[in-house]
Amino acid sequence: MNFWFLLIVLGLAWALQSFFSFLQVKDFTAAYGRLRRQGKVAIGKRKNALSAGAIAMFLIDDDGFIREASGMSGLTILARFKQLKGFEGLHIAEVEGDPTKRLPKALRLAVLNARDNWFMVQLGQVPQDPPGPLARLIARFRKNKPQPEPVAIRAPRKIRVVRTPRTEGVPQ
């Protein structure tokens, strides 16, 4: 009797978790679709095993300026996308400073990953997924072994944005 009760409880927990995962994917699809209909979107993510993960999305115009920012951060499947304040009007190269300081660590890393992904695409390269929790754990044990060179070259961390009437927002 206890075996069947435990099996039913585990089945119900799995079904509930699957339902909420479906709702979370539906929320992501709706948020991405809404931004994508308006223009280009940069997406960054941060995976964690025992702490909150995060996804950040930026709607970016043709000159590289952020028109809208949204992010999702949380440990559970109940996390939903929310607007990120303070990024509107910034060039994508300028996101590392003050706007990210007030964000949780996972969301801050997702924002920086979105910025790096945007630069990779602008350079004509394919962005790589950031390492997951298991890959980061394995990398700790392989510290003294030589690491293979990454296929893609990272975009420069600091890009100066020159704002003149003729070159509004062109990175130099």
Within region 123-136, of all residues that are free of Cβ contacts under 8 Å to residues at least 24 places away in the same chain and either in a helix (DSSP H, G or I) or of a type in the set (A, V, I, L, M) (or both), the one surrounded by the fewest Cβ atoms within 10 Å (Cβ to Cβ) is Ala135
Please verify whether region 108-122 includes one or more residues that are in a strand (DSSP E or B), within 28 Å of Ala135 (Cα to Cα) and modelled with pLDDT of 90 or more.
no
Out of (1) open to solvent by 80 Å² or more (accessible area, probe 1.4 Å); (2) within 24 Å of Ala106 (Cβ to Cβ), what's the single condition that is false for Met72?
(1)
Return the residues of region 75-91 that are in a strand (DSSP E or B) and either open to solvent by less than 20 Å² (accessible area, probe 1.4 Å) or among the aromatic types (Phe, Trp, Tyr) (or both); say none if nothing qualifies.
His91
Restricting the first residue to region 61-89 and requiring it to be of a type in the set (Lys, Arg), which pairs with a second residue that is not in a strand (DSSP E or B) meet a Cβ separation below 8 Å and a spacing of at least six or different chains?
Arg67/Gln38; Arg67/Gly39; Arg67/Asp61; Arg67/Glu88; Arg80/Gln24; Arg80/Asp27
Test of understanding: among Arg67, Arg34, which residue is assigned to a strand (DSSP E or B), modelled with pLDDT of 90 or more, open to solvent by 80 Å² or more (accessible area, probe 1.4 Å) and of a type outside the set (Val, Ile, Thr)?
Arg67
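The values are calculated or read from the model by the stated rules, or taken from the named source; none is laboratory data. Keep in mind the model is a prediction, meaning the values are calculated, not measured. Here the Cβ is made from the backbone with ideal geometry for all residues, glycine too, and neighbour counts use every protein chain on show. To get the accessible areas, we keep the full protein, side chains included, count just its heavy atoms, and leave off ligands, DNA and RNA. Shrake-Rupley method; radii C 1.70, N 1.55, O 1.52, S 1.80 Å.
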